[in-house]
Each structure stands twice: as structure tokens, then as C-alpha cells.
Amino acid sequence: MIKNKKLLILPGDGIGKEVIEPVLDIIDWMAKYKSISFDISERLVGGEAYDAEGDSISDKTLDEAINSDAVLFGAVGGPKWDNVEREKRPEAALLKLRKELDLFANLRPAIVFDALVNASSLKKELILGLDILILRELTSGVYFGKPRGIESINENEKKAVDTQSYTTSEVQRIARVAFDLAKKRSNKVTSVEKANVMETGMFWRKIVSEIHESEYNDVNLTHMYADNCAMQLIREPKQFDLIVTDNLFGDILSDCAAMLTGSLGMLPSASISNIDSTGKRLGMYEPVHGSAPDIAGQNKANPLAMIMSFAMMLKYSFDMDDESKLIEKSVQKVLANGLRTLDISQKGMQIVSTDEMGKAIIEQLNVLMGN
Ligand code: NAD
């Protein structure tokens, strides 16, 4: 067995540590039954790293992340660290990782599992079989644009400023990721901005269209204004397959799409970089949820978002589509068999702990493999 895939595991705080455990069991299972192994290292991040190492992410951990093929991240934060200075707060570790690894493309799938169709607040027929991907630009736009700040205009009046800005190459690279991903899905991209009222919107639309025309004219591209997109996501979500959009609109639309699926404990995500000169693309994979201090340490957390983030890692960092699908299939089966953690509990279903859910996934993997 060759261990050539370097994987850094950063469990973090609270339920982050609990939901990583079932993934480690799946990794052991893969070594045993699929002869796939990883060169794994594990380090502290978030509040626990602050307590032990004086910062929410040490330089050594950042270095390890840069030198890994993929990073699996649990969750960080908790009331214990609420008063820590801003640059050292647990959540700052995430921002540093995104910046240092140049993780400019954020992938948030919104998938409705048949067994959970009733967890959504939308009508069943609107979301049954839903499988869409929101691709958000993550490292530029209004959250990073300069100037920003609050200044005084006169004695009684102040002004707050944020700046939305994008460069040609920033839009080009996210557009290319969108078209490449679309080719592996339904060959359909909806690019979202506000070209009707914003300079950056017009610019975004122009650049995306140029890349489409010159490099990807075999992919189906449509443009949509962000406000209309928000409405259409609720009205008829299945019209979309892949939505690509900027940092701000992506932040809002991905949460909107996520809630079509009904539960925070079921939402995986990936953040990826460009392919470098050696052909390597860095990726960080993490559940959308936080460290859930209210249920931490109680073996109640739903590990499925973390498990599906791992499945995304197999697909996007290691081209292991079959293994990724196998894990997704076992999640589907376990849910169809009526097993539920507390957050997705339904009448008549069996409530299980984090550990038990993890074990059920392994059992299903064995069933699917005929072990
Ligand atoms: P949260 O996602 O941690 O929890 C929100 C609610 O959802 C809680 O009631 C929690 O119990 C529940 N929940 C979340 N994940 C669950 C799971 N897997 N299974 C069952 N229930 C689940 O958000 P919050 O309460 O706003 O934040 C708590 C801490 O996490 C804060 O310190 C916050 O800054 C941090 N946070 C971290 C990340 C991250 O690490 N990526 C993301 C969001 C929040």
C-alpha cells in the first residue's frame, strides 16, 4: 500500500473533534478494504491551539497545511475564547488558512436526500432529487476591498465604507473552475451578479462571457441578477445545476440554498486553490456548521456533514469518484433505514449518537462492498 497522499487533519474545538472520529474510522476502512491509504498528520487549531500554542493556528501548522495535498477541518470556536483578541481568535485560523493556501473557490453543494425531503420548509415536489452546487469566490470582493472603514465627515456625521472590487484574473480563475466543474455535472452554469446596477457586476458578466466564448463554448451559460436568483432558488430550485457568484452574493445565496435541504448537520463544503505548476491543487474540506458548544462533548452531533466533506475531498482532491460515491450512497442508505441523529430526528425514526451514526456508515460500506 502506497501512502502518497498527504492529509492534514485539524479537528478543532467542540463537536469538531467528535465529528472527525467517524471519518478516521472510514479512513481505516479504506485502508483495509480498498488498499487506499493516506500519510496523515493531525494538529491543533482554533481555541485549543490558542491555549496550547498561543495562536489559533501556529506557523508550523500553516506550513504543514501548505505542504499537504488536502486539509480536513472540523470546526473552531466556543464561549471560552470569546474575549481573545481578534487576530488570535479561533475563527481567525480559518481566514489565515484560506489566505495562505489561496483557497479562492468555495464549493457548497445543496443536496436533498430522499429520506430527509420532509426536513425542508419547501414543498416536497420542489426539492425532491435536488442536487445543486453554489460556487462562491472566497478571497476577494467586498469583504476584502480597500478602502474600508468608518470616517468622520463632520462633527455630527460619519461615513462607513466597504469596497467591492474584482480584477480580471480573479474573475477568470473562478469562471474557469465553474466551467470545469460543470463539465463533470450537467454542463450548465448560471453566473450571478448585479450587472444592472453595479460596475463590478457588468465587469463580472463580461469576463465570464469572454472565458466562456474563448475556452468553454460547449458549456451552457446563463446570467442572472442576484436578487432574481434568490427568488428563483425558493420558487424553482431545480432549474439550477451550478451557480457561480462573487463573495458577498455567494455568502447569502449558499445559505439560502443550504436551507432548502433542511439541516446544518448535513452540509459539507470545500475550498480549493488553482492548479500550480506541479499540477497540485490545494483543498480544504469542512462542514458548514460550527463547533456547536451547546451539544459539545455529548456524543450527539451529526457527523454526516463532516463525512460528506471527506467524500468531497476524495472527489475533488484525489479524483476518487467511485469511493466518494460509495460514501454518499452509504449515507443515503443509512438515512433510508431510518437512523437519525437528534438534529434531523423525525417521528418513528431511531435516534442515534455520533458514534453510532459513524458505525452505521461503516456497516453500510461493508454491505455495499459485499464484505
Ligand atoms: P453552530 O453551527 O456551531 O451551531 C448552530 C446550532 O446548530 C446549534 O444549536 C448546534 O447545536 C446545531 N448544530 C450545528 N452543527 C450540528 C451538528 N453537526 N449536529 C447537530 N447539531 C448541530 O453555530 P454557532 O452556535 O453560531 O457557533 C458556535 C461556535 O462555532 C462559535 O464560536 C462560532 O464562531 C463558531 N463557528 C465556527 C465555524 C467553523 O469552524 N467553520 C462556523 C460557524 C461558527
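The values are calculated or read from the model by the stated rules, or taken from the named source; none is laboratory data. Worth saying up front: this structure is predicted, and the values here are computed from it rather than measured. In this analysis, Cβ positions are derived from the backbone assuming ideal geometry, glycine residues included, and neighbour counts consider all displayed protein chains. Ligands, DNA and RNA are stripped out before the accessible areas are found, and what is left, the full protein with its side chains, is counted by its heavy atoms. Shrake-Rupley method; radii C 1.70, N 1.55, O 1.52, S 1.80 Å.
Is it true that some residue in segment 190-211 is closer than 29 Å to I127 by Cβ, of a type outside the set (S, T, N, Q) and surrounded by fewer than 14 Cβ atoms within 10 Å (Cβ to Cβ)?
No, because not a single residue in segment 190-211 is closer than 29 Å to I127 by Cβ, of a type outside the set (S, T, N, Q) and surrounded by fewer than 14 Cβ atoms within 10 Å (Cβ to Cβ).
Condition first: in contact with a helix residue (DSSP H, G or I) (Cβ under 8 Å, 6 or more places away or on another chain) and either open to solvent by 40 Å² or more (accessible area, probe 1.4 Å) or not assigned by TED's automatic domain parsing to the domain that holds G16 (or both). Now tell me which residues in segment 326-352 satisfy that.
Hits for segment 326-352 are E328, K329, Q332, K333, A336, N337, D343, Q346, I351.
Where residues in segment 299-316 are out of contact with any Leu (no Cβ under 8 Å at 6 or more places or on another chain) and either among the acidic types (D, E) or more than 16 Å from the ligand (Cβ to nearest atom) (or both), which of them is farthest from P22 (Cα to Cα)?
My answer is K315.
What are the pairs with Cβ atoms under 8 angstrom where one residue, in segment 121-133, is surrounded by 14 or more Cβ atoms within 10 Å (Cβ to Cβ) and the other, located anywhere, is among the polar types (S, T, N, Q)? Sequence gap at least six, or different chains.
Final answer for the pair search is I127/S120; I127/T261; L130/T261.
What number goes with the only condition from (1) over 29 Å from R176 (Cα atoms); (2) surrounded by fewer than 21 Cβ atoms within 10 Å (Cβ to Cβ); (3) more than 12 Å from the ligand (Cβ to nearest atom) that T278 does not pass?
Exception for T278: condition (1).
In segment 19-36, how many are within 19 Å of I361 (Cβ to Cβ) and among the small types (G, A, S)?
Start the filter on segment 19-36 by keeping residues that are within 19 Å of I361 (Cβ to Cβ), which leaves 19-34, 36.
Imposing the further condition that a residue be among the small types (G, A, S) reduces the set to 31.
Adding up the residues that qualify gives 1.
Kindly evaluate A292 against the criterion of being open to solvent by less than 10 Å² (accessible area, probe 1.4 Å) and assigned by TED's automatic domain parsing to the domain that holds N4. So that I can check it myself, show each step before the final result.
Numbers: open to solvent by less than 10 Å² (accessible area, probe 1.4 Å): no; assigned by TED's automatic domain parsing to the domain that holds N4: yes.
Taking the combined requirement at face value, the residue does not satisfy it.
Quick one: is L264 surrounded by fewer than 19 Cβ atoms within 10 Å (Cβ to Cβ), in contact (Cβ under 8 Å) with a residue 24 or more places away in the chain and either in the same structural domain as L130 (by TED's automatic domain parsing) or within 15 Å of the ligand (Cβ to nearest atom) (or both)? Before you say what the answer is, go through the steps one by one.
Working: surrounded by fewer than 19 Cβ atoms within 10 Å (Cβ to Cβ): yes; in contact (Cβ under 8 Å) with a residue 24 or more places away in the chain: yes; either in the same structural domain as L130 (by TED's automatic domain parsing) or within 15 Å of the ligand (Cβ to nearest atom) (or both): yes.
Judged against the criteria, L264 is a match.
What strands (runs of 3 or more DSSP E) completely inside segment 1-84 contain at least 3 residues that are within 16 Å of the ligand (Cβ to nearest atom)? Please lay out each step first, then the result.
On the way: elements: 5-12, 38-42, 70-75.
Strands (runs of 3 or more DSSP E) meeting the threshold: 5-12, 70-75.
If I filter segment 49-68 for residues that are touching an Asp or Glu at 6+ places or on another chain (Cβ under 6 Å) and of a type in the set (D, E), do I get at least one hit?
Of the residues in segment 49-68, the ones touching an Asp or Glu at 6+ places or on another chain (Cβ under 6 Å) are 62.
Then drop every residue that is not of a type in the set (D, E), which leaves none.
Looking for residues that are touching an Asp or Glu at 6+ places or on another chain (Cβ under 6 Å) and of a type in the set (D, E), one finds none in segment 49-68, hence no.
Taking the options K88, K60, K6, K34, name whichever one is of a type in the set (K, R) and within 24 Å of T354 (Cβ to Cβ).
Values: K88 fails: within 24 Å of T354 (Cβ to Cβ); K60 fails: within 24 Å of T354 (Cβ to Cβ); K6 fails: within 24 Å of T354 (Cβ to Cβ).
Sole residue among the options that is of a type in the set (K, R) and within 24 Å of T354 (Cβ to Cβ): K34.
Say whether the condition of being part of a strand (DSSP E or B) and of a type in the set (V, I, T) is met by at least one residue in segment 149-157. I'd like the intermediate steps shown before the answer.
If we filter segment 149-157 for residues that are part of a strand (DSSP E or B), which is where we start, we get 149-152.
Narrowing further to those that are of a type in the set (V, I, T): 150.
Yes, segment 149-157 has at least one match.
If you go through segment 323-335 one residue at a time, do you hit one that is among the aliphatic types (A, V, I, L, M), away from the ligand (no atom under 11 Å from the Cβ) and in contact with a Gly (Cβ under 6 Å, 6 or more places away or on another chain)? Don't jump to the end; show me each part of the working.
Looking only at segment 323-335, we keep the residues that are among the aliphatic types (A, V, I, L, M), and these are 326-327, 331, 334-335.
Among the residues that remain, those that are also away from the ligand (no atom under 11 Å from the Cβ) are: 326-327, 331, 334-335.
Filter once more, so that each one left must be in contact with a Gly (Cβ under 6 Å, 6 or more places away or on another chain): none.
Within segment 323-335, not a single residue is among the aliphatic types (A, V, I, L, M), away from the ligand (no atom under 11 Å from the Cβ) and in contact with a Gly (Cβ under 6 Å, 6 or more places away or on another chain).
Could you say which residue among V161, V142 is of a type in the set (A, V, I, L, M), in a helix (DSSP H, G or I) and either at pLDDT 95 or above or open to solvent by 40 Å² or more (accessible area, probe 1.4 Å) (or both)? Explain how you work it out, then say what you get.
Values: V161 fails: in a helix (DSSP H, G or I).
After applying the criteria, what remains is V142.
Got a sec? Which of S269, S291 is within 14 Å of the ligand (Cβ to nearest atom), under 22 Å from P90 (Cα atoms), in contact with a Gly (Cβ under 6 Å, 6 or more places away or on another chain) and of a type in the set (S, T, N, Q)? Walk me through it before giving the result.
Values: S269 fails: in contact with a Gly (Cβ under 6 Å, 6 or more places away or on another chain).
Just one listed residue meets the conditions, S291.
Please go through segment 44-54 and give me each residue that is on the phi < 0 side of the Ramachandran plot and surrounded by fewer than 18 Cβ atoms within 10 Å (Cβ to Cβ), ordered by number. Break it down stepwise before answering.
Within segment 44-54, the subset on the phi < 0 side of the Ramachandran plot is 44-45, 47-53.
D51, A52, E53, listed by residue number.
Name, by its number, the condition in (1) more than 19 Å from L10 (Cβ to Cβ); (2) modelled with pLDDT of 95 or more that does not hold for S345.
In the conditions (1) more than 19 Å from L10 (Cβ to Cβ); (2) modelled with pLDDT of 95 or more, S345 misses (2) alone.
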